[in-house]
Amino acid sequence: MLLRELIRTIRTARTQAEEREMIQKECAAIRSSFREEDNTYRCRNVAKLLYMHMLGYPAHFGQLECLKLIASQKFTDKRIGYLGAMLLLDERQDVHLLMTNCIKNDLNHSTQYVQGLALCTLGCMGSSEMCRDLAGEVEKLLKTSNSYLRKKAALCAVHVIRKVPELMEMFLPATKNLLSEKNHGVLHTSVVLLTEMCERSPDMLAHFRKLVPQLVRILKNLIMSGYSPEHDVSGISDPFLQVRILRLLRILGKSDDDSSEAMNDILAQVATNTETSKNVGNAILYETVLTIMDIKSESGLRVLAINILGRFLLNNDKNIRYVALTSLLKTVQTDHNAVQRHRSTIVDCLKDLDVSIKRRAMELSFALVNGNNIRGMMKELLYFLDSCDPEFKADCASGVFLAAEKYGTDRQTSLHITPAGSYVRDDSVPNLIQLITNSVEMHAYTVQRLYKALLDDISQQPLVQVASWCTGEYGDLLVSGQCEEEEPIQVTEDEVLDVLEGLLVSNLSTPVTRGYSLTAIMKLSTRFSSVNRIKKVVLIYGSSIDVELQQRAVEYNALFKKYDHMRPALLERMPIMEKTAANGPTEIVQTNGETEANPNPNIAIITIHASNATEADMTDFVFQAAVPKTFQLQLLSPSSNVVPALNQGTVTQVIRVLNPQKVSLSFTNCLTYTLKGSPVQDLAEVNNFPPQSWQ
Amino acid sequence: MYKNSINFMLLFSRQGKLRLQKWYVPLSDKERKKISRDLVQTILARKPKMCSFLEWRDLKIVYKRYASLYFCCAVEDQDNELITLEIIHRYVELLDKYFGSVCELDIIFNFEKAYFILDEFLLGGEAQETSKKNVLKAIEQADLLQEEAEAPRSVLEEIGLT
C-alpha cells in the first residue's frame with residue numbers, strides 16, 4: 001500500500017479499536033517486508049511507520065531500517081532515513097552510533113542536499129560521541145564558500161559545542177571572516193555561533209569584543225537600507241538577524257564601558273526608528289530594550305527603554321503587555337523611579353483577563369508600593385484581592401500585609417488588613433493579631449468587621465481564629481457599638497456568645513480554633529455582664545474529650561473559683577506588642593526564669609530577676625531577647641538599669657510571650673551592660689521552661 | 001534540558017491530535033509522549049482571549065492557532081517570545097507557499113514534506129535561513145532530486161516491466 005493510501009484508510013476508522021486493528025495489520029505486513037530485506041519498498045514502509053508512530057503506536061522495529069535507508073545511495077531513501085532517525089532514535093540508544101559512519105560519508109557527498117541532510121541530522125540529535133568523531137568534518141564545512149552548507153555547518157557547530165564544550169577552540173579559526181558574508185543565512189547562523197561561544201567562555205567574549213563595530217555596521221545597514229524583498233517582513237529588513245545581532249551586542253556590551261559606548265547610537269536609532277504597528281517591529285524593540293537595560297548604557301537611553309515598555313503596556317496586543325510587565329519586573333529594583341511613572345498603567349493591568357498578565361501586574365504593583373502611594377495602591381490591590389482567582393489570594397493577602405506593615409499608618413493598616421484577613425494562611429495569624437493589637441484606634445472597627453465575617457462564614461480557620469481572638473479581646477467595644485468608621489452593629493452579649501459557642505461545636509472548627517473560641521469566651525467574662533452563662537460553658541468543657549480544651553476549661557474554672565480575685569487582671573486587654581530586636585546566641589550571666597499560672601493559654605508571663613555577684617555595679621543594663629517567628633514578645637520596662645554589686649539587689653523585668661502555635665518555648669538573650677567602665681555583651685539561650693508555660 | 005532556542009515544536013489539532021513533532025533535545029519516546037500529552041491539554045484548556053505565552057515547567061511556551069492547527073514552541077527562559085511568534089509565522093508562510101493555501105489535510109497527507117520544509121528553515125532549534133525564497137528554492141531542488149531518483153523505476157512500472 002502506498003503511504004497516502006494508508007493514511008486515507010486509517011482515517012476512515014470510526015473507533016479507536018478499528019484503527020488499532022488496521023495499524024496492527026499493516027505493521028505485521030511491514031515487519032515481514034523488513035525481514036525479507038526488500039530494498040524497493042523499505043522507504044515506503046518506513047514512511048508508513050513514521051505516520052503510525054505519530055499517531056502514538058510503537059515503531060521501534062523500524063529503527064535499524066532507518067539506518068539502512070541512510071546508507072542507501074538513493075536520495076529518496078536518505079531523506080526518509082534521516083527523518084526516521086530523527087524521529088525514532090535518540091542519543092540514548094546505542095544503535096544510533098551506527099549512523100556515525102554514514103553521516104561522515106554524507107558530509108563529504110558530492111550533492112549538497114545530501115550533505116545538508118547529514119548536517120541537519122547531526123545538528124539536531126548528534127550525541128557527544130558522534131560530535132567528537134565528526135567535529136572535524138563540520139569545521140571543514142564551516143570554511144566552505146558554499147553558503148548553503150556554511151550556514152548549516154555553523155548551527156551544527158553550535159550543537160557540537162553544546163554537547164562537547166571542550167571542542168569550542170577548534171572552531172575559532174573558522175570564525176575569522178564569518179561576519180564578512182553577504183548571505184543573510186550565513187550571517188544569522190554565524191551570529192548564533194558567536195553568541196554561543198561568548199556565552200560559554202569569558203576568553204572568547206573578550207576576544208570577540210572587537211567585532212562590535214562590525215556588528216553595529218551590519219545592523220545599521222539593515223535599518224538604513226531600502227526595501228529588500230527577499231528579507232522584508234512588514235517593512236522591516238530581516239528582523240531575525242536584527243534580533244540576533246542585538247542579543248550578541250547585549251552580551252558583548254555587558255560590563256564593558258567601551259563596547260557599550262560604541263553601540264549607544266545604534267541602539268538609540270533602533271529604539272526610535274522601528275515601526276511599531278506590527279508584532280515584528282515590537283519584537284525588535286523588545287530585544288533592544290533588553291540590551292539597553294543590560295549593558296552600561298547612559299541614563300537617557302535607559303529612560304528611553306523604560307518608556308518603550310510603558311508604551312507597550314498600553315498596546316492592544318496582550319502579548320506585548322505581557323512582555324512589558326515581565327521586563328519591568330526585572331528592572332523595577334534598579335530603575336525604580338522610572339518604572340513608578342507607569343504605575344497607573346500597571347495597576348490597570350490587574351483587571352486584565354489573562355492570568356499571566358494579572359500575576360505579573362500584581363507582583364509589579366507590590367514592588368511599587370511606597371509611603372506616598374499606599375492609599376491608592378491598597379484600594380486597587382484590595383479590590384483585586386476580592387475579585388481575583390483563588391490561586392492568587394494567598395500571595396496577594398501576604399503582599400497586602402507586608403505593604404501595610406511597611407508603609408501604612410496604624411489606621412490605614414487596619415482598614416487594609418481586615419478585608420485581606422479572609423485570605424490569610426495559618427502562619428499569618430500571629431502577625432495579623434499583632435497588627436490588630438497595635439492599631440489601637442481601630443479596635444472597634446476591626447472587631448466589628450471580623451465579627452461580621454464570622455457571621456458570614458466560619459469555614460476559613462485562620463480567619464475564624466483571628467476573629468474569635470478579636471471578639472474575645474474587644475467584645476465590649478462590639479456590644480457598645482463604638483465603631484466610628486462604619487455604621488455600628490447592633491448586637492447583644494448573648495448573640496456574641498452564641499456565635500463563639502457555635503464555633504466550639506461546629507464540625508468546621510479545628511481543635512486550634514476551638515481553643516481560640518474557648519479562650520475568647522473566657523475573656524468576655526471580664527467584659528460582659530453575662531458571667532453565669534460563661535461559667536456554665538467553661539464548666540461543660542471541663543469534661544471535654546479534647547484534652548486541650550479540657551485543660552483550658554479546668555484552669556478557667558479554677559480561675560472562677562479559687563482565683564476569682566486575679567481574674568480581671570489576668571484577662572485584661574493585651575498591651576501593644578513590640579517587635580523585639582533579634583541578636584545572636586547568648587550566654588546568660590545570672591538570670592532566673594519563672595512563669596506564672598496564666599489563664600490565657602497563649603500567653604506566657606516570664607519574670608526575670610537579674611543579680612550581680614561581682615564587686616562593681618553593672619550599669620546601663622539592657623536585656624534583649626530574640627525569638628522565632630511564631631512567637632511575639634513584649635518586654636515591659638525593667639525595674640532599673642543598674643544591677644547592684646555583691647548581690648545587693650536585683651533588676652526585675654517582665655516578659656510576655658504570645659505563643660498561639662504552642663511551640664516549645666525558647667529564646668536567646670543578649671545582655672549588655674557596663675562594668676568598671678568597659679562595655680560587656682553576653683549572649684545565651686534559655687529553653688528549659690516548664691511545659692505548662694507553653695502548652 | 002540544555003540551552004537551545006527552541007527545545008521542541010508541536011503541531012496539533014483542536015481535538016489534540018499530533019500532526020508534527022520536532023524535538024531538539026534528547027528525550028525518550030515515553031518522555032516525549034508524556035510532555036506532548038500534558039502540554040497539548042494545557043494549551044487546549046486556554047481561552048481564546050489569553051496571551052500566546054505561558055510558563056510551563058521550566059520552559060516558556062509560545063503558541064498560536066492557525067485555522068484548525070495549533071503551532072507550539074517551547075523556548076528557553078531568556079528567549080524573545082515575540083520573535084518566536086515571527087518564527088512560527090514564517091514557518092506557516094513557507095507551508096502556505098509550498099502547498100498553495102495550506103490546510104490541515106495537506107499536513108496530514110504530506111507530513112514528511114512538512115518536516116523537510118521545517119528542516120530547511122530551522123536546524124538544532126535555531127533559524128538557519130531568513131529568506132523565504134531560499135528555503136523554498138532548496139526544497140524545490142531537493143524535491144527535483146527525489147523525482148529524478150525515482151523516475152526510472154516509475155517509467156518501467158508504467159510499461160509493466162517490474
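The values are calculated or read from the model by the stated rules, or taken from the named source; none is laboratory data. These figures come from a predicted structure and were not determined experimentally. We place every Cβ from the backbone using ideal geometry, glycine too, and count neighbours over all the protein chains shown. Accessible surface areas use protein heavy atoms only, side chains included; no ligands, DNA or RNA. Shrake-Rupley method; radii C 1.70, N 1.55, O 1.52, S 1.80 Å.
Results, tabulated for the structure shown:
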| item | result |
| --- | --- |
| Nonlocal amide H pairs with B:Leu122, under 5 Å, H built at 1.01 Å | B:Gln128 |
| Shielding by partners - mean other protein chain Cβ count within 10 Å, residues of B:76-89 | 5 |
| Ordering of A:340-349, A:502-511 by burial proxy (mean other Cβ atoms within 10 Å per residue, highest first) | A:340-349, A:502-511 |
| Drop in accessible area of at least 30 Å² in the complex versus isolated chain, residues of region B:24-64, 1.4 Å probe | B:Pro26, B:Asp29, B:Arg32, B:Lys33, B:Lys49, B:Met50, B:Cys51, B:Phe53, B:Glu55 |
| Shielded residues, region A:233-281 - accessible-area loss of 50 Å² or more between chain alone and all protein chains, probe 1.4 Å | A:Phe240, A:Arg247, A:Asn279 |
| Whole-Hz ³J(HN,Hα) from phi, Karplus 6.51 cos²θ - 1.76 cosθ + 1.60, for region A:149-155, glycine and proline x | 7, 4, 5, 5, 4, 4, 6 |
| Percentage relative contact order, region A:278-331, counting C-alpha pairs under 8 Å, at least six apart | 31 percent |
| Value of Rg/Rh across chain B [Cα atoms, Kirkwood radius] | 1.03 |
| Cα-projected label distance for A:Thr672 with A:Asn39, points at 7 Å along beta-carbon direction, nm | 9.2 nm |
| A:Glu169/A:Lys104 FRET efficiency (R0 30 Å; Cβ-Cβ; nearest 0.05) | 0.90 |
| Simple Cβ-charge dipole of region B:15-162, Lys/Arg +1 and Asp/Glu -1, about Cα centre, in debye nearest 20 | 900 debye |
| Structure-based [θ]222 nm, chain A - -39500 (n - 2.57) summed over DSSP H runs of at least 4, per residue, nearest 500 | -18500 deg cm²/dmol |
| Per-residue SASA entry for A:Lys351, accessible area with 1.4 Å probe, Å² rounded to 10 | 120 Å² |
| Efficiency of FRET from Cβ geometry, B:Lys30 and B:Glu147, R₀ 51 Å, rounded to 0.05 | 0.85 |
| Quotient of Cα Rg and 2.2 N^0.38 Å for region A:446-501, N being how many residues it contains | 1.02 |
| Portion, in percent, of the accessible area of the protein assembly as shown that falls on carbon or sulfur, probe 1.4 Å | 50 percent |
| Dipole of the protein assembly as shown, positive end: most advanced residue of A:Thr9, A:Ser228, B:Ile35 [Cβ charges, Cα centre] | A:Thr9 |
| Buried solvent-accessible surface, both chains (A, B), 1.4 Å probe, Å² to nearest 100 | 6400 Å² |
| Cleavage-rule hits, GluC sites (Glu not before Pro), region A:450-507, DSSP coil, Cβ neighbours within 10 Å at most 11 | A:Glu484, A:Glu486 |
| 3J(HN,Hα) from dihedral phi, region A:524-531, Karplus parametrisation 6.51/-1.76/1.60, rounded to Hz, x for glycine, proline | 5, 5, 9, 10, 9, 9, 7, 5 |
| Probe 1.4 Å, protein heavy atoms only - accessible area per residue of chain A in square angstrom | 43 Å² |
| Region A:98-196 - convex hull of the alpha-carbon atoms, volume per residue in Å³ | 80 Å³ |
| P(r) tail fraction, region A:601-695 - alpha-carbon pairs more than 22 Å apart, % | 32 percent |
| For chain A, with +1 on Lys and Arg beta carbons and -1 on Asp and Glu, the positive-most of A:Val547, A:Val164, A:Val400 along the dipole | A:Val164 |
| Partner chain coverage, peptide B:108-120 - average Cβ within 10 angstrom | 5 |
| 1.4 Å probe, heavy atoms, protein only - residues of region A:314-328 losing at least 30 Å² accessible area vs chain alone | A:Lys318, A:Asn319, A:Tyr322, A:Val323 |
| Kirkwood-based shape ratio for the protein assembly as shown, expressed as Rg/Rh from alpha carbons | 1.12 |
| Mean separation of Cα contacts under 8 Å (6+ apart) over length of region B:1-56, as relative contact order % | 27 percent |
